[in-house]
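The values are calculated or read from the model by the stated rules, or taken from the named source; none is laboratory data. Computed from a predicted structure; not experimentally measured. As a convention, Cβ positions derive from the backbone with ideal geometry for all residues, glycine included, and neighbour counts pool all protein chains shown. Accessible surface is based on the protein model in full, side chains and every heavy atom, while ligands, DNA and RNA are left aside. Shrake-Rupley method; radii C 1.70, N 1.55, O 1.52, S 1.80 Å.
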Amino acid sequence: MRFCLNPITLGERDLAVSIEASAKAGFTALELWLPHVERFVAAGRPAADARSLLKDHGLEAAGACYVAGLLTSTGDAKRKAFDAAKARFELCQELGAKAIVCVGDGPASPTLDDYHTAAEQAREVCDLAGSFGLTVALEFVAGFPFIGTLATAAKVVNDADHHNLGILFDCFHFWAGRSKTEDFDALRGAPIALVHLNDARDLPRELLRDSDRVPPGHGAFPLREIVRRISATGYDGYYSLELFSPELWAADPFDAAARCHEACQVFAASL
């Protein structure tokens with residue numbers, strides 16, 4: 001397994017601190033949290049400096065998170081969403097990232113037509129992202145009324161039928177939501193483009209919140225079986241550790257990154 005770290009796991013840190021902490025912990029790649037990069041640039045430092053920081057610390061930009069509001073928006077809202085996405089695609093290109101997470105958001109009360117629109121607009125997103133050298137990873141989110149399951153994400157990806165589109169598989173959203181193991185059979189060739197690796201506390205699924213995420217092997221998910229099913233699809237890319245843990249956020253970032261890296265290594269050895 002190849003692991004990377006999403007810096008949001010370390011909290012709202014300065015980008016340079018997250019980069020240094022991740023590298024010292026032993027990670028060789030990051031899935032960039034783009035709000036952190038934007039804050040870095042807004043402070044007066046060019047994106048080229050961020051890329052240099054990554055290179056100087058031996059880190060690859062495995063991907064970036066995220067763009068949203070793109071799949072069913074219309075009119076002025078669509079224009080603004082695509083403009084915002086383009087700006088983030090440009091950042092990704094400058095930093096050398098190859099994949100971008102696209103959140104599967106949409107209307108609160110969707111109709112079948114909305115899913116047709118999502119497939120059509122996903123192709124537009126992929127065309128634009130592709131011009132910046134990016135693959136798009138469509139994320140299903142537990143509890144979302146629009147794209148909330150692996151099976152629905154697979155349907156949109158298959159209907160869009162674009163070479164630049166795959167699924168963002170988040171282990172938390174798979175287990176905490178309405179997805180089923182049988183949904184892997186619904187992929188029908190829809191590729192997994194990126195994986196968010198995480199575990200969670202032993203709670204009823206209905207009570208699970210992002211803040212309940214914990215490092216792999218420290219929770220109650222059947223995580224080894226989930227990873228085996230992911231691997232069986234042919235996926236051989238990065239497993240990006242993405243946690244929203246108040247405990248890790250309160251810790252020293254160097255200690256938190258080291259704990260995360262150790263948990264990933266122990267988990268990999270247990271497979």
field: Theoretical ellipticity at 222 nm over the chain - DSSP helices of four or more residues, -39500 (n - 2.57) apiece, nearest 500
entry: -13500 deg cm²/dmol
- prompt: Which percent of Cα pairs goes in each bin when the distances of the stretch 176-271 are cut into 10 angstrom slices starting at zero?
  reply: 14, 45, 33, 7, 0
Surface share of carbon and sulfur [accessible, 1.4 angstrom probe, percent] for the chain: 50 percent
message: Suppose every Lys and Arg Cβ carries +1 and every Asp and Glu Cβ carries -1, with no other charges. What dipole size does the chain come out with about its Cα centre, to the nearest 20 debye?
response: 220 debye
- prompt: How many angstrom separate the Cα center of the stretch 25-91 from the Cα center of the stretch 153-189?
  reply: 24 Å
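Averaged per residue, what accessible surface does the stretch 1-110 expose to a 1.4 Å probe, in Å²?
Working: 4510 Å² over 110 residues.
Normalised by residue count, the accessible surface of the stretch 1-110 is 41 Å².
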statement: Simple SL model, points at 7 angstrom along Cα→Cβ for Q265 and K180; separation in nm is 4.1 nm
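Only bridges with both residues in the chain count here: give the DSSP antiparallel percent, nearest 5. If you can, show how the numbers build up before the last one.
Numbers: 2 of 31 bridges.
About 5 percent, rounded to the nearest 5.
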query: Given 0.36 nm per residue, what is the gain on full extension from R188 to Q93 after removing their alpha carbon distance, in nm?
result: 31.2 nm
query: Over the Cα atoms of the stretch 56-197, how large are the radius of gyration and the largest Cα-Cα distance (Dmax), in Å?
result: 14.5, 49
- prompt: Which lysines have a Cα less than 27 Å from the Cα of K24, not counting those fewer than 8 places away in the same chain?
  reply: K55, K98
Selected from L112, L54, F172, residue furthest toward positive end of dipole (the chain; charges at beta carbon): L54
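In Å², and per residue, what accessible area does the stretch 149-252 have when probed at 1.4 Å with the other protein chains present? Before the final figure, lay out each step's value.
On the way: 4650 Å² over 104 residues.
That works out to 45 Å² per residue.
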query: Can you work out ³J(HN,Hα) from phi for every residue in the stretch 190-205, in order, using Karplus 6.51 cos²θ - 1.76 cosθ + 1.60 and θ = phi - 60°, giving whole Hz and x for Gly and Pro?
result: 5, x, 8, 9, 6, 10, 9, 9, 6, 10, 7, 4, 7, 10, x, 4
query: ³J(HN,Hα) across the stretch 38-53 via Karplus (A = 6.51, B = -1.76, C = 1.60, θ = phi - 60°), whole Hz, x for Gly/Pro?
result: 5, 5, 4, 5, 5, 7, x, 9, x, 4, 4, 5, 5, 5, 5, 4
Calculated from backbone phi, Karplus (6.51, -1.76, 1.60) coupling profile of the stretch 76-83 in Hz, x at Gly/Pro: 5, 5, 5, 4, 5, 5, 6, 5
- request: Give, in nm to one decimal, the length gained when the segment between H163 and T28 is fully stretched (0.36 nm per residue of separation minus the Cα-Cα distance).
  value: 45.9 nm
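Magnitude of the Cβ-charge dipole of the stretch 151-266, K/R +1 and D/E -1, about the Cα centre, nearest 20 debye? Before the final figure, lay out each step's value.
Details: 12 positive and 18 negative charges, 59 e Å.
With only Lys, Arg, Asp and Glu charged at Cβ, the dipole is about 280 debye.
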query: Could you give the semi-axes, largest first, of the ellipsoid that matches the stretch 119-229, computed as the square roots of 5 times the alpha carbon gyration tensor eigenvalues and rounded to whole Å?
result: 26, 14, 13
Fraction of beta bridges assigned by DSSP in the stretch 160-271 that are antiparallel (%, nearest 5): 20 percent
- prompt: Does the stretch 4-62 come out rounded, prolate or oblate by the C-alpha gyration tensor, with a ≥ b ≥ c the root eigenvalues, rounded set by a/c under 1.5 and, if not, prolate when a/b is larger than b/c and oblate if not?
  reply: oblate
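In square nanometres, what is the average projected area of the Cα convex hull of the chain?
On the way: hull surface 53.8 nm².
Averaged projected area of the chain's Cα convex hull equals 13.4 nm².
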query: Quick one: what Rg and Dmax do you get for the stretch 1-113 from the alpha carbons, in Å?
result: 15.6, 49
statement: If amide H atoms are modeled at 1.01 Å from N in the peptide plane, then the residues at a separation of 5 or more from C4, or on another chain, having amide H under 5 Å from its own are Y239, S240, L241
query: Tally Lys and Arg at +1 and Asp and Glu at -1 over the other residues with C-beta under 14 Å from the C-beta of G58: what net charge comes out?
result: 0
